[in-house]
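Structure record follows, encoded as structure tokens.
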């Protein structure tokens, strides 16, 4: 077989099906579907597929011509990726000032970073957490992964070309590629600090290159489509078992791992990428009809071919449809609405933009425009040429405007500030009475009954609350330590307790909380009473809780708040607190989870952060324990 007759990489429908599974898991994770706590790992599957396909295409060109036309490769990638991205940026530019005005102030920078494919580094430098979604995260935050891939597309052809020029065969490069993948995983493990937000190592090109490089290494040694012989039965059985095992391993990872699983940052991401590489290898082999037929069925292929558009649109759709804040829906109804909007937008993008351009529409349009210059309006077709050119020009002008014109509306305070301010202005004066006694101040605290889930709605008056009389010492020195949930209540707590000081920040991990408590004790700044809110952002063990309580041993009263967060660690953290708080005589437990589970309408769509009524109830529960 001559070099010119060698078969190039064929279309593999099952890879489209795998893309569909990957984008579905990512969507489910960010839509807070309970079973998809590890759904973000779908991004690593995309990375492996991209590394494999891009490298396989480049190697096919090398084997045919002993040359890589890098400029042509970059042009193909731009035509594949940029048109749909431009559609997204135009849509966001129009929608954000109308639907999410607080984001308008940062949109220019986000769009510039998206077009330059450096979104991941912008998020790193801004310390924007990927996992702590307080308020409304940036509507273009999800483009970090496209930035990683595009940076790979820019650099990898040059490195591969240089490597092939030195070794002449791709097989000799595998060791170097695998070494680079392991080095990337090692850097992630080195930079990762347990108990802190892992967003830096999650976003970084340097720490996330391992999955793409595994796909590239696979392409260097695996090209079964070039064989014309049918594989023996034993080989087919092994391939089928390997594919089923890899698919099962990926499913287990999505169902069982979560963003704070230490194992992920100590080689786990590379392990997940390894499972994806095995599955891609099986799919690429023509002798695995069961796996290929399952993933290559028509609905899966249909979704997979539109997975790029689905990924582009899913995050802005979720960010602009927050339950009770943007739309009057929640639960499965909201999930269905988001899925419908996302898939519809992706289908329109594929039909009107991606597919025509991939099939040469831009080239034909340019030819028609040039012909029109010579023959002004020769036919109806000529008028359509003008219309299409006008639409393209308007789109380009609109995107360009986003880069040079200031946003029309300033960004108001973020969601947490709005919540706290609203709670301060509206709060519980109608439902709280204070009687001054000779020696103490007695407060009647109103707490919503946790046994009737439907007694409150955001726009209605709570029904028949129960009351509990509690005593709060005048001028007590109270210190609040926590994360974004306590931050929402900061203004109201400090208003109700004038001698209180709340130190709470978004995304705070246990290790940071412990360090803060230790520094306050060393400086003799711990109050007589401490409000301790922990466990929203990751698992907390009994030994960790004991460690922080040892720091707070001298405090007269420690009010510990359990968690209401739809994540895998919610149950274990609450069970741990229920078991351990009673062991400390100076500790009291606020069962925020029980109250919140009974009244989901107190929360934003993330099920963790509160609205104004939720803040008021949260504060009353704390005051009842002081």
>> Quick check on the exposure proxy: order 297, 220 from fewest to most C-beta atoms within 10 angstrom.
In response: 297, 220
>> Need one number: % antiparallel among DSSP beta bridges in the range 477-615, to the nearest 5.
In response: 5
> What's log10 of I(q)/I(0) for the range 486-626 at q = 0.11, 0.14, 0.20, 0.21 Å⁻¹, Debye sum over Cα points only, no solvent?
Replying inline: -0.37, -0.62, -1.38, -1.53
> Order of 550, 132 from fewest to most other C-beta atoms within 10 Å?
Replying inline: 550, 132
> If packing is taken as the mean number of other Cβ atoms within 10 Å per residue, what is the order of 94-100, 590-596, highest first?
Replying inline: 590-596, 94-100
> Which part of the range 23-43 falls in the paramagnetic zone of residue 302, meaning amide N under 20 Å from the point 7 Å along Cα-to-beta-carbon?
Replying inline: 23-25, 27-28
>> Testing the spin-label approximation: label points 7 Å from Cα along Cα→Cβ at residue 168 and residue 74. State their distance in nm.
In response: 3.0
> Got a sec? How would 125, 618 order by Cβ neighbour count within 10 Å, fewest to most?
Replying inline: 125, 618
> What is the distance, in nm, between label points placed 7 Å from the Cα along the Cα-to-Cβ direction at residue 238 and at residue 355?
Replying inline: 4.1
> Radius of gyration and Dmax for the range 3-359's Cα atoms, expressed in Å?
Replying inline: 20.2, 62
>> Over the range 3-359, what is the relative contact order in percent, taking alpha-carbon pairs closer than 8 angstrom and at least six residues apart?
In response: 31
>> Per 0.36 nm of contour for each residue apart, how much would the distance between residue 348 and residue 524 grow if the chain were fully extended, relative to their Cα-Cα spacing?
In response: 57.2 nm
>> Given axes a ≥ b ≥ c from the Cα gyration tensor, I'd like to know whether the range 1-125 is rounded (a/c under 1.5), prolate (a/b larger than b/c) or oblate.
In response: oblate
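Read-outs: derived from the displayed coordinates by stated rules, not from any lab. All values derive from a computational prediction rather than experimental measurement. Reconstructed Cβ throughout: ideal geometry from the backbone, glycine too, with neighbour counts over all protein chains shown.
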